[in-house]
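**Q** Right, I'll just put the structure down here and ask away after.
What follows is calculated from the coordinates using simple rules that are stated; it is not laboratory data. Just so you know, these numbers come straight off a predicted model, no measurement behind them. Backbone-built Cβ (ideal geometry, glycine too); neighbour counts: all protein chains shown.
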Amino acid sequence: MKHEEPFLTTVNDQHEFNITPETALQLDAVREEDGVLHVILNNKVFRAELLSADDASHLFVLKIDGNEYHVNIADKYDRLVSQLGLKAGGQQKANQIKAPMPGLVLNLLVEAGQEVSKGDPLLILEAMKMENVIKASGDGKVKSVNVKKGDAVDKGLLLVEME
């Protein structure tokens, strides 16, 4: 299967551009040592050193010709998660769980006063004919559940409040 979707690449949170798989294949790279490459692109040679890589957030820190660059590479799935108002790999605990998209509450899996751990399912929201499990972003206690089974919700509506 041929991958045609471009990767949205952001450098230093300022410059955005798409890199197609075809463009990526045009890179000519030779490994010099662990983490260091000589890259040839458009008849120009660059020395690139990988300083760090966070696979979960697709963030890479590179040193190219002595300059440090923070590069984020997003594929079509990362862009979809962002468009839906979600954040992949987030580590911050949210006290208010809001609907990431319009949908229908199929099932409530918690009730007020219940203790939950990070990653525990709170409710199931149907959107675009898909069942989406809304999970706890951190450990805590459910303060209130502000929807009921069968409710239609808009994006941003407060679903569950944590304490």
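**Q** Placing +1 at every Lys and Arg Cβ and -1 at every Asp and Glu Cβ, with all other atoms neutral, what dipole size does the chain have around its Cα centre, in debye to the nearest 20?
**A** My answer is approximately 600 debye.
**Q** Which residues' amide hydrogens lie under 5 Å from the amide hydrogen of Met101, considering only partners 5 or more residues apart or on another chain, with H built in the peptide plane?
**A** Gly156
**Q** What's the magnitude of the charge dipole for region 92-162 around its Cα centre, counting Lys and Arg as +1 and Asp and Glu as -1 at the beta-carbon? Answer in Debye, nearest 20.
**A** That gives a dipole near 140 debye.
**Q** Taking H as built 1.01 Å from N, whose amide H comes closer than 5 Å to the amide H of Gln114, not counting residues under 5 places away?
**A** Val142
**Q** Using unit Cβ charges (K, R positive; D, E negative) and no other charged atoms, how large, in debye to the nearest 20, is the dipole of region 4-82 about its Cα centre?
**A** Value, rounded to 20: 180 debye.
**Q** Compute the relative contact order of the chain as a whole-number percentage, counting only Cα pairs closer than 8 Å that sit 6 or more residues apart in sequence.
**A** Relative CO of the chain lands at 17 percent.
**Q** From the backbone phi of region 110-117, what are the Karplus-calculated ³J(HN,Hα) couplings (6.51 cos²θ - 1.76 cosθ + 1.60, θ = phi - 60°) in whole Hz, Gly and Pro given as x?
**A** Ordered by residue, 3J(HN,Hα) equals 9, 9, 4, x, 7, 7, 10, 10 Hz.
**Q** Rounded to whole Hz and in sequence order, give me ³J(HN,Hα) for region 7-16 from the Karplus expression 6.51 cos²θ - 1.76 cosθ + 1.60, θ = phi - 60°, writing x for Gly and Pro.
**A** Computed from phi, the couplings for region 7-16 are 9, 7, 10, 10, 10, 6, 6, 10, 10, 10 Hz.
**Q** Something else about it: I need the P(r) histogram for region 7-76: all alpha carbon pairs, bin width 10 Å from 0 out to the longest distance, whole percents.
**A** 19, 52, 29, 0
**Q** Using only Cα atoms, locate the centre of region 96-162 and the centre of region 1-75, then give the distance between them in Å, rounded to an integer.
**A** 37
**Q** Pop the C-beta distance of Val39 and Leu59 into the FRET formula with R0 = 22 Å and round what comes out to the nearest 0.05.
**A** 0.70
**Q** Per residue of region 42-51, what does 6.51 cos²θ - 1.76 cosθ + 1.60 with θ = phi - 60° give for ³J(HN,Hα)? Whole Hz please, x for Gly and Pro, Karplus curve as stated.
**A** 6, 6, 10, 9, 10, 9, 10, 10, 7, 8
**Q** Next question, about the same structure. Over the chain, what portion of Cα pair distances is larger than 21 Å, expressed as a whole percent?
**A** In whole percent, the long-distance tail amounts to 59.
**Q** Oh, and also: Among the listed pairs Lys135/Lys155; Lys118/Lys149; Lys76/Lys118, give every one whose C-alpha distance is greater than 18 Å.
**A** Beyond 18 Å between Cα atoms: Lys118/Lys149; Lys76/Lys118.
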